[in-house]
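A.B. asks: Structure in structure tokens, see below.
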Amino acid sequence: MIVDPKEAGWLDTYKLLIGAIVPRPIAFVSTLSPEGIPNLAPFSFFTGVSANPPVICFCPMRRRGPLPRKDTLHNITVTREFVVNIVSEEFAQQMNITSAEFPPEVDEFEAAGLTPIPSDLVKPPRVKESHVHMECKLYLLVEVGGEDGSGNLVLGEVLRFHIDDQYFHDFKIDPAKLRAIGRMGGATYTRTTDRFDLSRPK
């Protein structure tokens, strides 16, 4: 099968992307609105970019309707701060609740039954239930396209890591304890419990 994205349209192209780029880690992003309302939303277009400086990125998509910019993107554009919380399996259901399209005045921490805790260097709170947090300041924002289904590349410099002590040893995070989850296509998620090692060739 050969697919021309211009002929397929963006919705079908999106299905191909999320079906082919798997598994995808989840950036559970907490922000604070200019009015001080906490916001929490998951994004599966997420990865690391650089270690020096430490930079991560995630990509909120432009949605259809009268408010195309997600609250997360709006808040980061104004405040230039956010926290990425890593999602473990034990609070996957609560994370999923926050993926609904809540109005800006709704506190998703409260809606999902998750616990906000203070950050050290940025104003947005961290998710207590998460075992790894990254406090970030906006490094660069790149708008990719301007139509429905287009994206926004948010690069954030990590100012501080928080890792639960029992998951941390010699700057390594224990994946068996972390039990992170990832996204597949559609409504399907994946666990990270089935792993194998390959040594890099010298």
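The values are calculated or read from the model by the stated rules, or taken from the named source; none is laboratory data. All values reported here derive from a predicted model rather than from experimental measurement. Ideal geometry is used to build each Cβ from the backbone, glycine not excepted, and the neighbour counts take in all protein chains shown.
A.B. asks: Can you tell me which condition Thr31 does not meet? The list is (1) within 23 Å of Tyr189 (Cα to Cα); (2) in contact with a strand residue (DSSP E or B) (Cβ under 7 Å, 6 or more places away or on another chain), and all the others hold.
C.D. replies: Unmet for Thr31, out of (1) within 23 Å of Tyr189 (Cα to Cα); (2) in contact with a strand residue (DSSP E or B) (Cβ under 7 Å, 6 or more places away or on another chain): (1).
A.B. asks: Turning to a different aspect of this structure: How about the stretch 173-202: which of its residues are surrounded by 10 or more Cβ atoms within 10 Å (Cβ to Cβ), aliphatic (A, V, I, L, M) and part of a loop (DSSP other than H, G, I, E, B)?
C.D. replies: Matches in the stretch 173-202: Met184 only.
Residue-wise test of (1) in contact with a strand residue (DSSP E or B) (Cβ under 6 Å, 6 or more places away or on another chain); (2) among the small types (Gly, Ala, Ser).
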position	(1), (2)
Ala20	no, yes
Arg69	no, no
Val83	yes, no
Gln93	no, no
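A.B. asks: Among the residues of the stretch 9-51, what is the count of those that are modelled with pLDDT under 95 and among the small types (Gly, Ala, Ser)?
C.D. replies: 1
A.B. asks: Consider only pairs whose beta carbons are under 8 Å apart and that are at least six residues apart or on different chains; among these, list those whose first residue lies in the stretch 152-173 and is modelled with pLDDT of 95 or more and whose second residue is hydroxyl-bearing (Ser, Thr, Tyr).
C.D. replies: Going by the 8 Å Cβ cut-off, the qualifying pairs are Leu155/Tyr139; Gly156/Tyr139; Glu157/Tyr139; Arg160/Ser119; Ile173/Tyr167.
A.B. asks: Of the conditions (1) without any contact (Cβ under 8 Å) to a residue 24 or more places away in the chain; (2) under 26 Å from His74 (Cα atoms); (3) among the hydroxyl-bearing types (Ser, Thr, Tyr), Ser199 satisfies every one except a single condition; which number is it?
C.D. replies: Single failed check for Ser199: (2).
A.B. asks: Restricting to the stretch 117-133, count the residues that are of a type outside the set (A, V, I, L, M), within 18 Å of Ser33 (Cα to Cα) and touching a helix residue (DSSP H, G or I) at 6+ places or on another chain (Cβ under 8 Å).
C.D. replies: Qualifying residue count for the region: 3.
A.B. asks: Same structure, new question: Specify the residue that is surrounded by the fewest Cβ atoms within 10 Å (Cβ to Cβ); the eligible residues are those in the stretch 129-162 that are outside any strand (DSSP E or B) and under 16 Å from the mean Cα position of the chain (by Cα). Show your work before the answer.
C.D. replies: Narrowing the stretch 129-162 to residues outside any strand (DSSP E or B): 129-131, 145-150.
Applying the additional criterion that residues be under 16 Å from the mean Cα position of the chain (by Cα) yields 129-131.
Details: Glu129: 18, Ser130: 24, His131: 25.
Among those that are outside any strand (DSSP E or B) and under 16 Å from the mean Cα position of the chain (by Cα), it is Glu129.
A.B. asks: Tell me, please, whether a residue that is of a type outside the set (S, T, N, Q), part of a strand (DSSP E or B) and under 30 Å from Phe171 (Cα atoms) can be found in the stretch 59-77. I'd like the intermediate steps shown before the answer.
C.D. replies: Filtering the stretch 59-77 down to residues of a type outside the set (S, T, N, Q) leaves 59-71, 73-74, 76.
Adding the requirement that they be part of a strand (DSSP E or B) leaves 61.
Those left that are additionally under 30 Å from Phe171 (Cα atoms): none.
No, the stretch 59-77 contains no residue that is of a type outside the set (S, T, N, Q), part of a strand (DSSP E or B) and under 30 Å from Phe171 (Cα atoms).
A.B. asks: Among Pro60, Pro38, which is surrounded by fewer than 21 Cβ atoms within 10 Å (Cβ to Cβ) and touching a residue at least 40 places away in the same chain (Cβ under 8 Å)? Break it down stepwise before answering.
C.D. replies: Numbers: Pro60 fails: surrounded by fewer than 21 Cβ atoms within 10 Å (Cβ to Cβ).
Pro38 is the lone residue from the list that is surrounded by fewer than 21 Cβ atoms within 10 Å (Cβ to Cβ) and touching a residue at least 40 places away in the same chain (Cβ under 8 Å).
A.B. asks: Continuing with the same structure: Can you list residue pairs whose Cβ atoms sit under 7 Å apart, with the first residue in the stretch 111-123 being closer than 27 Å to Gln93 by Cβ and the second being at pLDDT below 95 and part of a loop (DSSP other than H, G, I, E, B)? Count only pairs 6 or more apart in sequence or on different chains.
C.D. replies: What qualifies is Ala111/Phe102.
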